[in-house]
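K.L.:
Structure below; questions to follow.
The values are calculated or read from the model by the stated rules, or taken from the named source; none is laboratory data. From a predicted model like this one, the values you see are computed outputs, not experimental measurements. Cβ: placed from backbone, ideal geometry, glycine included. Neighbour counts: every protein chain shown. What goes into the accessible areas is simple: the full protein's heavy atoms, side chains included, and nothing from ligands, DNA or RNA. Shrake-Rupley method; radii C 1.70, N 1.55, O 1.52, S 1.80 Å.
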Amino acid sequence: MAGTAMTYSMVDYADVQGLVRFGYGRMTSASYALVRVKNVAAAKAWLRAAPVTNAVEKSPPPTTALQIAFTAPGLTNLGLPKSVMEGFSREFRTGMSKKFRARLLGDVGRNARKHWDWSGPGSEAHLLVMFFAEHEHFDSFVQSTKGNTWSDAFEEVIWLDTSDLDGDEPFGFADGISQPQIDWEQQLERPHTQLEYTNIAALGEFLLGYRNEYGKFTDRPLLDPDPANAELLPAVDAPAKKDLGRNGTYLVMRQLKQDVREFWKFLYEQADGNLAEANQLGAKMVGRTRAGDPLVPIQAESIPGTEPRTVKQNQFTYEADPAGARCPFGAHIRRANPRNSDFPERRIGALRKLIIILGFGPKGFYDDLTSSVRFHRILRRGREYGSELSPEQALQPPPAEELPRGLHFICLNANISRQFEFLQNAWIASTKFAGLTGESDPVLGNRKPIPGCPVTGNFKMPNDGTLPRRVSGLPQFVIVKGGAYFFLPSLRALRYFAGA
């Protein structure tokens, strides 16, 4: 995190791609086009004319949206010089598919890049073009947006379609509930000294050019002023630079194929043929019921009655479950967002709080003010694909031909290494998370042995006052079929890339 000085300023929503602010949930139809640049001049012409949707709130809301992101090879192919590329993060420049990063992310065994459907050898994408629309407008929107020059500009690698499972992911659990609340107004002081867990995250965690949870500005590409950017890109003070990164962010995409039949078959067998118990075991592995309710109490007293159900379902901590008896330590949602798990919360007096903040008094575990969770949040914007399959249907014999099901995982973060990669490596894939051993994420784990831990397919469920239950031999339920790191630029940066 660089400490580049910048004066405070409000967000120019007209310069931000709308995906950062909105999930486009009302637009139930979506498709992702992964393409390569075929003709640079034609590609730039198409980009200049592309109706990219900004983050300005409108009433009524739009019925369609177009968003565009680039891989590092894509920007290079558009002619961005090496000196400019060096301003982007190392993770973005080197890409997801490098061997060391495959080990870091768990892309080994069945997840290995050689098995991927796209972004594997010879199928790397340059651009990710995202189409969103209300169902009745989708086909016409895609065709009109592509226009007559699309085929001249791009070579299509793959089209990834999505489906609308009414808020559920393919395993049948409510999805998209736990999201950080972005401090768009930049009202909270950063860094802060709040003792309790909060879901509010600094704007700079998800948008470049603003202060992050450290109170710093994440590194981003800064350019010397020249005729091409003088009037187009925003300025940075001390020293004089043009900010190519401001209002942009990094986008991580991974296609995750989910074996729904194997998931429910395994749970059913572990429950000795009792579907209700199978549902309970599935809830323990996920950390929520299929309806989306967390297994720990919701903090209802702090929730206004007007808040929607999905907001209420995100208002909880693990303070009332320190032993993991309700929501196991290894459950998926506890790994993906440990909330307050790394420090026990307690209410202390104002004088004691001041002494702790000033660094005086005996230091101890209970006095640690910094929860690591707030430095590793991501903003999820993915969509599921494939048809719905209930647990009852999953236990029936499959048809002769069955289309795959899964999730096109998409997340936004300003620092790929500190946010997505840390979450994936240290929390999701780690067999040492929260003092555990012999188990990785029960839903996303790849089950491959790792040095010092030959068994990774266990799942332990603590009980109050009794011995914990352990489930062994979890199969691999999710397989990675493709992935890449992208840069989602501001609209001004997009025009700069297009040579406007």
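K.L.:
Could you please state, rounded to a whole Å, how far the C-alpha centre of segment 425-500 is from the C-alpha centre of segment 249-288?
P.N.:
14
K.L.:
Report the label-to-label distance for residue 392 and residue 434 in nanometres (one decimal), using points 7 Å from each Cα along the Cα→Cβ vector.
P.N.:
Going from the residue 392 label point to the residue 434 one covers 3.3 nm.
K.L.:
Taking the Cα centre as origin and putting +1 on Lys and Arg beta-carbons and -1 on Asp and Glu beta-carbons, what dipole magnitude results for the chain, to the nearest 20 debye?
P.N.:
Details: 59 positive and 55 negative charges, 297 e Å.
Using Cβ point charges on Lys, Arg, Asp and Glu, the chain gives about 1420 debye.
K.L.:
At 222 nm, what value in deg cm²/dmol follows for the chain if DSSP H runs of at least 4 each add -39500 (n - 2.57) and the sum is divided by all its residues, to the nearest 500? Before the final figure, lay out the partial values.
P.N.:
Numbers: 14 runs with 96 residues, N = 500.
-4500 deg cm²/dmol, from helical runs alone.
K.L.:
Can you give me the distance in nm between label points at residue 293 and residue 39, each placed 7 Å from the Cα along the Cα-to-Cβ direction?
P.N.:
Calculated label separation equals 6.0 nm.
K.L.:
If the chain between residue 472 and residue 453 were fully stretched, how many nm would it gain, using 0.36 nm times the residue separation less the Cα-Cα distance?
P.N.:
That pair, residue 472 and residue 453, stretches by 5.4 nm at full extension.
K.L.:
Among 38/481; 114/257; 98/448; 312/448; 284/448; 82/242, which pairs are too far apart, with a Cα-Cα distance over 27 Å? Can you show the working numbers first?
P.N.:
Numbers: 38/481 24 Å; 114/257 15 Å; 98/448 19 Å; 312/448 37 Å; 284/448 22 Å; 82/242 17 Å.
Cα-Cα > 27 Å for 312/448; rest within.
K.L.:
Could I ask something else about it? Order 464-474, 96-106, 379-389 from most to least packed using the mean count of other Cβ atoms within 10 Å.
P.N.:
Details: 464-474: 11.7, 96-106: 17.0, 379-389: 20.6.
Listed from highest to lowest mean packing, they are 379-389, 96-106, 464-474.
K.L.:
Here's another thing I want to ask about it. Over segment 172-282, what is the percentage of antiparallel beta bridges among all DSSP beta bridges, to the nearest 5? Don't jump to the answer; show the numbers that get you there.
P.N.:
Details: 5 of 8 bridges.
Counting DSSP beta bridges with both partners in segment 172-282, the antiparallel share is about 60 percent.
K.L.:
If you take every DSSP beta bridge whose two residues both sit in the chain, what share of them, in percent to the nearest 5, is antiparallel?
P.N.:
Values: 60 of 63 bridges.
Antiparallel bridges make up about 95 percent of those DSSP assigns within the chain.
K.L.:
When the accessible area of the chain is split by element with a 1.4 Å probe, what percent falls to carbon and sulfur? The partial results should precede the final answer.
P.N.:
Details: 11660 of 22170 Å².
Roughly 53 percent of what the probe reaches on the chain is carbon or sulfur.
K.L.:
Could you compute the net charge surrounding residue 183? Neighbours are other residues with a C-beta less than 14 Å from the C-beta of residue 183; K and R count +1, D and E count -1.
P.N.:
Details: positive: 21, 190, 211, 374, 377; negative: 185, 189, 205, 213.
Taking every Cβ under 14 Å from that of residue 183, the sum is +1.
K.L.:
Then there's this: Among residues other than residue 472 whose Cβ falls under 13 Å from its Cβ, what is the net charge (Lys/Arg +1, Asp/Glu -1)?
P.N.:
Details: positive: 447, 460, 469, 470; negative: 269, 439.
Residues near residue 472 contribute +2 overall.
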